[in-house]
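*Asks:* One structure coming up, written as structure tokens, with questions to follow.
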Amino acid sequence: MRRGLRSRLPLLWGLADLVIACGLFLALGAALVGTIHGLNALAGATLLDLPALLDGARNDPGAHLWLYLMLFSTIVPTALHAGLSLLGVQGLWPRAWRRPVAAWVEQANASPLATLRAALALGVIWTLPLVVMGGIVWALWQIAGGVITTGLGHYFNALMWLAT
């Protein structure tokens, strides 16, 4: 967080955090499957039928909602980190544009019009970069969404291989 707040490009640090978290998330899934498979082998019996569980999760995801909730609950800290990194989004505006808005916020008690001006300007400073980033994410998904889903399909196949 400190590095992102001191950086000229805090979004790069937020993006790096997200990419690393996604990699760790995928590694966690592989470690869980590998550990359960190893425990099955050590026990000499099937403690948890992983191939059947993964096959069921692929064919009927709604029946295995508990599995998704258990796995994706690990993404909560990452979402909190992403939220904190978004605090630096206002830094994308040039400082020359932010200084007058800061002065307007300080003078907001002077009149109702000054309060409205400060609130609107501050809202634009915080909202517009988020809307632009959302548009960029949407565009990237339109371009690379198929590649991502194909990659996740290969990852799921690798989990099935680990489970057998």
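*Asks:* Out of 108, 41, 103, 27, which single residue is modelled with pLDDT of 90 or more and surrounded by 12 or more Cβ atoms within 10 Å (Cβ to Cβ)?
*Replies:* 108
*Asks:* So, one more: So, of the residues in the stretch 143-152 that are small (Gly, Ala, Ser) and surrounded by 11 or more Cβ atoms within 10 Å (Cβ to Cβ), which turns out to be farthest from residue 32 (Cα to Cα)?
*Replies:* Ranking the candidates gives 144 first.
*Asks:* Does residue 49 count as surrounded by 12 or more Cβ atoms within 10 Å (Cβ to Cβ), at pLDDT 85 or above and among the acidic types (Asp, Glu)?
*Replies:* yes
*Asks:* Sticking with this structure for a sec: Please name all residue pairs, on different chains or six or more residues apart, with Cβ atoms under 9 Å, provided the first residue is in the stretch 47-58 and is within 12 Å of residue 33 (Cα to Cα) and the second residue is among the hydroxyl-bearing types (Ser, Thr, Tyr).
*Replies:* Between residues of the stretch 47-58 that are within 12 Å of residue 33 (Cα to Cα) and residues that are among the hydroxyl-bearing types (Ser, Thr, Tyr), the close pairs are 50/164; 51/164.
*Asks:* Kindly indicate which of 98, 117, 58 is surrounded by 12 or more Cβ atoms within 10 Å (Cβ to Cβ) and in contact with a Phe, Trp or Tyr (Cβ under 6 Å, 6 or more places away or on another chain).
*Replies:* On inspection, the qualifying residue turns out to be 117.
*Asks:* Is it the case, given these coordinates, that residue 117 is within 21 Å of residue 153 (Cα to Cα) and of a type in the set (Lys, Arg)?
*Replies:* no
*Asks:* Does residue 14 fit the bill of being farther than 21 Å from residue 154 by Cβ, among the small types (Gly, Ala, Ser), at pLDDT 90 or above and assigned to a helix (DSSP H, G or I)?
*Replies:* no
*Asks:* Would you pick out the residues in the stretch 118-139 that are more than 18 Å from residue 82 (Cα to Cα) and either out of contact with any helix residue (DSSP H, G or I) (no Cβ under 9 Å at 6 or more places or on another chain) or among the basic types (Lys, Arg) (or both)?
*Replies:* 120, 123, 139
The values are calculated or read from the model by the stated rules, or taken from the named source; none is laboratory data. Since this is a predicted model, take the numbers as computed values, not measurements. Here the Cβ is made from the backbone with ideal geometry for all residues, glycine too, and neighbour counts use every protein chain on show.
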